[in-house]
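Notes for the one structure printed next.
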Amino acid sequence: MRSGQSSRPIFLILLTALAAVALASLIASNRSVQAKAQPPTDARLQKAWKFQRGGWTYVHLEGSPADIGFQHGSLLAKEIEDAFNAIKLQDTHRTKRDWVFFRTTARQVLWPHIDPEYQQELQGIADGLKANGVLMDVYDVVALNAFEEVPDYYLPWRDEQQKRAGMKVPEHAPLHAPGNCSAFVATGSWTKDHRPVIAHNNWTSIIPGARWRMIFDIVPQNGYRMLMDGFPGVIVSDDDYTINSAGLAVTETTISRFHGFDPNGKPEFVRARKATQYAKSIDEYVKIMNDGNNGGYANDWLLADFNTGEVARFEQGLKHTRLWRTKDGYFVGSNFPSDPELIKDETDFNANDASSSMNARHARWDQLMAENKGKIDAALAQKFESDHYDTYQKKEEANERTLCGHVETSPRGAKEWDWAPYYPGGTVQAKAADASMATKMRFVARAGHACGGNFKAAEFLAKHPEYAWQKPVLTDMIAGPWTEFGTGEKK
């Protein structure tokens, strides 16, 4: 037999083997595509979804508390893990406490005072994370939800108690209640259609701020539907810009230099979530917020009732609370308290320092309200939130005193909040709604600096190596366009 004849069967065998491998690969590929195209197999996820638009991640959650939590933890597992690592580094660095301290506080101080409904939701988030390979348990989730109130409210109070008892406490930089956010609510003759307008821009450090890009559409088993901005893994807006289906909208700005905490009270993030979920009026909101008030994350809450046209400012300390309301007027917030008794008893706030961020922004709000009386709507609110006029220096300059805050450009920093010169922080996103939007459960939002400016982490750290400790979690904060969102959207 010739050599050419003997090679043909071998060639055919090789060709057949290659064809079999190719066919198996094609079948596996098709199966993979089909698996990706199929809806989630877990029944708890059937009513939930997410998508990205305008720099935001929109998340729809619906069902029982446990189901809403599981959906939250599952759909945002990667985002929550990233946010958790960022907060963990920031808070342990600031406080000189390890994460065990925050977990212990969550378990011993916060968890016993959380309503069962929200315990179920928080556990659901942990379950959703676990199902997606993220190693966080419920106490990590609770501590994440309390990332505003534990380091700046509970810990300073605890340190003071221990010092009075003669105990030594770990040394750390001063911890004072933050003074972040600018907001207003107006109605009556002050607005274009004589109905409420409510707007807010979120100020915080860029570590959490660059991640504060969630839009939550929540349909709970009980209570009202809620549309709100938010932070991954947190059950309330946390900068508290929320519109509910009862026609109530709420936002806030924190009270600078506040001190006081009641460890036997309910966590603020629980009260704030419950109030937005169950209140249909200003009075009901105030009642829920005062029930079990622990003094954590003390705020001036700005509220709008789109059914009655009334707006309000609810200032809640621990010892003192006060409510102002009107159907023809406005209230503004820039982290200044108003009640003289609260200022005297519960803060170290200097109401007479015109150079402070809080007072300079307050003055600018009053200027803008007066200049635009009768014209205010959501479009004008966007201009207000992007404003760079410094009332102290009487000139345009993006810095810590302007409504659109840029502390990262300021050689002064913001001493009232313990932010050193050029601290990477300021406005990180903004929202606005007038009655035509809010009554349809819609608002417009911008991720990043409200003015549209960008923050580039590598460029910043090259100029300011003193903040190198933030490098592992400090990310770019790129501004998106003003984007409108409403309930029930799927793309």
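The values are calculated or read from the model by the stated rules, or taken from the named source; none is laboratory data. If you're wondering where the values come from, they're calculated on a predicted model, not measured in any experiment. Glycine also receives a Cβ, built like all others from the backbone with ideal geometry; neighbour counts cover every protein chain displayed. Accessible surface areas use protein heavy atoms only, side chains included; no ligands, DNA or RNA. Shrake-Rupley method; radii C 1.70, N 1.55, O 1.52, S 1.80 Å.
Model label sites at E489 and E341, defined 7 Å from Cα along the beta-carbon direction, differ in position by 4.4 nm. For the stretch 141-206 versus the stretch 272-290, the inter-centroid distance based on Cα atoms is 19 Å. Surface exposure of the chain, expressed per residue as accessible area with a 1.4 Å probe, stands at 40 Å². The gain in end-to-end length when the S245 to K327 segment is fully stretched comes to 27.5 nm, 0.36 nm per residue minus the alpha carbon separation.
Around the Cα centre of the chain, unit charges on the Cβ atoms of Lys, Arg, Asp and Glu (plus for the first two, minus for the last two) sum to a dipole of about 1640 debye. Under the Kirkwood approximation applied to all pairs of distinct alpha-carbon atoms, what is the hydrodynamic radius of the stretch 353-467 in Å? For the stretch 353-467, inverting the mean 1/r across all distinct Cα pairs yields 15.2 Å.
Given that compact globular proteins tend to follow 2.2 N^0.38 Å, what is the ratio of the alpha-carbon Rg of the stretch 31-175 to that value?
On the way: Rg = 18.3 Å, N = 145, 2.2 N^0.38 = 14.6 Å.
Normalised by 2.2 N^0.38 Å, the Cα Rg of the stretch 31-175 equals 1.25.
Rank-order 225-234, 274-283, 432-441 by packing density, defined as the average count of other C-beta atoms within 10 Å over each peptide's residues, highest first.
225-234, 432-441, 274-283
Whole angstrom only: what separates the Cα centroid of the stretch 53-107 from the Cα centroid of the stretch 331-367? If you average the Cα positions of each part, the centres end up 31 Å apart.
Along its three principal directions, the equivalent ellipsoid of the stretch 104-259 from the Cα gyration tensor extends over semi-axes of 30, 24, 14 Å, largest first.
For the stretch 342-482, the relative contact order comes to 17 percent (Cα pairs under 8 Å, sequence separation of at least 6). What is the log10 of I(q)/I(0) for the stretch 175-295, computed with the Debye formula using one identical point scatterer on each Cα and no solvent, at q = 0.11, 0.17 Å⁻¹? Once normalised to I(0) and log-transformed, intensities are -0.40, -0.98. Within the stretch 343-365, name every residue whose backbone N is under 13 Å away from a label modeled 7 Å from Cα of K415 along the Cβ vector. So the set is 350, 353-357.
Set the Cα radius of gyration of the stretch 302-382 against 2.2 N^0.38 Å, with N its number of residues, and you get 1.21. Computed from backbone phi, the HN-Hα couplings of the stretch 475-491 come to 10, 4, 10, 9, 6, x, x, 4, 9, 8, 10, x, 6, x, 6, 10, 7 Hz, rounded to whole numbers (Karplus: 6.51 cos²θ - 1.76 cosθ + 1.60, θ = phi - 60°; Gly and Pro given as x).
Taking 4 °C and 1.567 mPa s as conditions, the chain diffuses translationally at an estimated 55 µm²/s according to Stokes-Einstein applied to its Kirkwood radius (Cα pairs). Taking the accessible area of the stretch 365-491, probe 1.4 Å, and keeping the other protein chains in place, the carbon and sulfur fraction comes to 52%. Its alpha carbons give the stretch 150-201 an Rg and a Dmax of 20.3, 60 Å.
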